[in-house]
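What follows is one structure encoded as structure tokens, with my remarks underneath.
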């Protein structure tokens, strides 16, 4: 797994994933830290990693096609695989399995007015607790931290602006590759 896991797509009343945006994303899981730049347009996502993940410096996810392209830039190759939970980007106010939410208060995070919530979820029979900062205007989850502090996801330098559809296409100069070395 390459550290994209945050949580899975959920179905709240307001779906922020329909918004076009770009941001820097930091996911911490224990001692692992994965930094990437994200571009999103509806059900299409592009992750550009500071450090390659599973050999890929870029991953393009196309839900409309049911595939993800792992781009091996140094080799000028790509690998295509079905979308798995690791490829999912959750940008909805509610969390999967959410059973309760309590407003803690209002704050400003990354220059944006946000509401801080304490959220309880149940996944696979296990209860988990999180703090979640949601933007007031877009209802976008700017930051989520496990109450134990072992996992977090944060978006920085978030910009809601139209994203070019070309960002979510496979570059023509790449050749197909076998599975990345870490998958073989």
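The values are calculated or read from the model by the stated rules, or taken from the named source; none is laboratory data. Owing to the predicted nature of the structure, the values given are computational and were not obtained by experimental measurement. Because the Cβ atoms are built from the backbone with ideal geometry, glycine has one as well, and the counts that use them run over all protein chains shown.
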Next on the checklist: Looking at region 109-131, can you tell me whether even one residue there is within 19 Å of residue 33 (Cα to Cα), modelled with pLDDT of 95 or more and surrounded by fewer than 19 Cβ atoms within 10 Å (Cβ to Cβ)?
Outcome noted: yes
Checklist outcome for this item: When (1) surrounded by fewer than 20 Cβ atoms within 10 Å (Cβ to Cβ); (2) modelled with pLDDT under 95; (3) part of a loop (DSSP other than H, G, I, E, B) are applied to residue 139, the one that fails is (2)
Next on the checklist: Looking only at region 137-161, count every residue that is in contact with a strand residue (DSSP E or B) (Cβ under 6 Å, 6 or more places away or on another chain), on the phi < 0 side of the Ramachandran plot and touching a residue at least 24 places away in the same chain (Cβ under 8 Å) and tell me the total.
Outcome noted: 14
Checklist entry - Which ones in region 1-52 are under 17 Å from residue 156 (Cβ atoms), at pLDDT below 50 and either in contact with a helix residue (DSSP H, G or I) (Cβ under 6 Å, 6 or more places away or on another chain) or part of a strand (DSSP E or B) (or both)? => result 4
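Considering region 142-177 alone, what residues qualify as being farther than 22 Å from residue 33 by Cβ and either assigned to a strand (DSSP E or B) or in contact with a helix residue (DSSP H, G or I) (Cβ under 8 Å, 6 or more places away or on another chain) (or both)? If you could, list the steps in order and put the result at the bottom.
The first filter runs over region 142-177 and keeps only residues farther than 22 Å from residue 33 by Cβ, leaving 159-177.
Result: 159, 175, 176, 177.
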Checklist outcome for this item: Residue hits (region 31-55; surrounded by fewer than 22 Cβ atoms within 10 Å (Cβ to Cβ) and in contact (Cβ under 8 Å) with a residue 60 or more places away in the chain) are 38, 39, 41, 44, 54, 55
Item to check | Some residue of region 71-89 being outside any strand (DSSP E or B), in contact with a helix residue (DSSP H, G or I) (Cβ under 8 Å, 6 or more places away or on another chain) and closer than 27 Å to residue 171 by Cβ | outcome: yes
Checklist entry - Within region 26-48, which residues are within 10 Å of the chain's Cα centre (by Cα) and over 19 Å from residue 69 (Cα atoms)? => result 26, 27
Item to check | Residue match in region 60-83 (condition: modelled with pLDDT of 90 or more, under 17 Å from the mean Cα position of the chain (by Cα) and under 18 Å from residue 152 (Cα atoms)) | outcome: no
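Here are some residues: 93, 107. Which one is in contact with a helix residue (DSSP H, G or I) (Cβ under 9 Å, 6 or more places away or on another chain) and in contact (Cβ under 8 Å) with a residue 24 or more places away in the chain? Steps first, answer last, please.
Working: 107 fails: in contact with a helix residue (DSSP H, G or I) (Cβ under 9 Å, 6 or more places away or on another chain).
Testing whether each residue is in contact with a helix residue (DSSP H, G or I) (Cβ under 9 Å, 6 or more places away or on another chain) and in contact (Cβ under 8 Å) with a residue 24 or more places away in the chain leaves just 93.
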